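One structure is given below, encoded as structure tokens.
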Amino acid sequence: MPLTIKETAEVTGQLTSAISTILPDIVSVRHHLHQNPELSHLEEKTSAFVAARLAALGLDEVKTGVGGYGVVGVLSGTGTPQDAGSATKTIALRADMDALPIQETREVPYKSCVPGVMHACGHDGHTSTLLGAATVLSQIRSKFAGEVRFLFQPAEETVGGAKRMCEEGVMEGVDAIVALHGWPGLEVGKIGVRSGPMMASSDTFDLIIRGKGCHAAQPHIGIDPILVGAHIVTALQSIASREMSPTDSVVVTVAQFHAGTANNIIPDQAEIRGTIRCLKEAQRTEIPERLERIIAGVCAAFRAEYSFKFRRGTPVTVNDVAINDLVAGVGAEILGQENVIHLEAPSMGAEDFAIYLQRAPGAMFRLGVGTEMTALHTPTYNFADDALPVGMEIFVRSVLQYLG
């Protein structure tokens, strides 16, 4: 049976008290993680720290070494199902753990102790928030029936951690999944939600253009790969401007162009690398052919040869309508409807949370970390401690709402 109004009020009061009680500890957890960042595929100490914290909560199960340094905690509720005899459900909550190769320049007491590495994307905050949610849910497991699966993922920044964890079965039996991303520019106490495409796909390409080297004073006897590459860089922009509908978002970015060793030598080859981002899987499927057709045509025109590699990365992050509405509703109850921002447009940034969404309906929401906060992936970014209790409560109440 659903909770009565009195019981609901008691649970709400219990949640508020529990979050308030553990908040100083969760803040210290974030500061510890911030001081001790680890790059993708190297999250050994972070993984061990998370596993130890989960084990201390008395969960049903804690798995380590999942998809690399991934950690999975399993908590079963002991409450009575809403409908007697009906099957219980499983909801997963996900946080990422890896840091970025950036030297931190912001002066805080808990500044990164690892040269050239910092939590510039706020994964210290994501991990701390989920550890806090796990702590609270372990204390109120009698208030829900079903299973909560806590997924602490490695290697989000390099894309691959989610895929490996899913290949090892972390989503088997999961009915829904929720994640958050700290978002600078959005005030603390606000969240951003959006059903449908939330973040773009991101795929990469490598191109080697082979020409014929010669003296810079005699370009006519060579084949200039830099000239060919310059034409290709320009021509690739026609994919977004002339081959896709103006109402569809596609970003073609050439991020690297390497060639040459001296001012007076036309080199033998040039190397170009970049990314393609889309908001529709149908567009994403067509991109490799479009890229290579343009590259082949330009190279043929200039008598150059080429080799081309296209690598699939992260698919489009598509939020399920029902789960997104559930999170939005919980946010309205906690923060007030005016503090739940329904986003008009998705971000062209990418997230491998999309991999989980291919296996179960779910949603990622933006957690406000302050308008004064600097941008993600910069040397001065710092997840706001004030956002931790907001994220924890939304996680916990989303679980209670979903599991009934």
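The values are calculated or read from the model by the stated rules, or taken from the named source; none is laboratory data. Owing to the predicted nature of the structure, the values given are computational and were not obtained by experimental measurement. Note that each Cβ is placed from the backbone with ideal geometry, even for glycine, and that neighbours are counted across all protein chains shown.
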**Study point:** Lone unmet requirement of (1) over 28 Å from Leu100 (Cβ atoms); (2) assigned by TED's automatic domain parsing to the domain that holds Val50 for Cys214
**Key:** (2)
Exercise for review: Scan the stretch 140-160 for residues that are out of contact with any helix residue (DSSP H, G or I) (no Cβ under 7 Å at 6 or more places or on another chain) and either β-branched (Val, Ile, Thr) or not assigned by TED's automatic domain parsing to the domain that holds Tyr356 (or both) and jot them down.
Suggested key: Thr158, Val159
Exercise for review: Name every residue in the stretch 339-392 that is basic (Lys, Arg) and either modelled with pLDDT under 95 or surrounded by fewer than 20 Cβ atoms within 10 Å (Cβ to Cβ) (or both), in order of residue number.
Suggested key: Arg359
**Study point:** the stretch 238-263, subset under 16 Å from Met348 (Cα atoms) and either out of contact with any strand residue (DSSP E or B) (no Cβ under 9 Å at 6 or more places or on another chain) or hydroxyl-bearing (Ser, Thr, Tyr) (or both), residue surrounded by the most Cβ atoms within 10 Å (Cβ to Cβ)
**Key:** Ser249
Exercise for review: Select from the stretch 111-139 the residues that are surrounded by fewer than 19 Cβ atoms within 10 Å (Cβ to Cβ), in contact with a helix residue (DSSP H, G or I) (Cβ under 6 Å, 6 or more places away or on another chain) and in a loop (DSSP other than H, G, I, E, B) and list them in ascending order.
Suggested key: Cys113
Review point. If you go through the stretch 216-240, how many residues are assigned to a helix (DSSP H, G or I) and closer than 22 Å to Phe205 by Cβ?
Key: 15
Practice item. With the checklist (1) farther than 18 Å from His32 by Cα; (2) touching a His at 6+ places or on another chain (Cβ under 7 Å); (3) hydroxyl-bearing (Ser, Thr, Tyr) in hand, flag the one item Ser76 doesn't pass. Key: (2)
Point to revise | Top-ranked residue in the stretch 237-283 [being of a type in the set (A, V, I, L, M) and more than 27 Å from the chain's Cα centre (by Cα); ranked as nearest to Cys299 (Cα to Cα)] | key: Ala270
**Study point:** Answer residue from the stretch 57-72, given it is touching a helix residue (DSSP H, G or I) at 6+ places or on another chain (Cβ under 9 Å) and part of a loop (DSSP other than H, G, I, E, B) and is surrounded by the most Cβ atoms within 10 Å (Cβ to Cβ) among those
**Key:** Tyr69
Revision key, fill the gap. Picked from the stretch 73-110 (must be part of a loop (DSSP other than H, G, I, E, B) and among the acidic types (Asp, Glu)), the residue surrounded by the fewest Cβ atoms within 10 Å (Cβ to Cβ) is Glu107
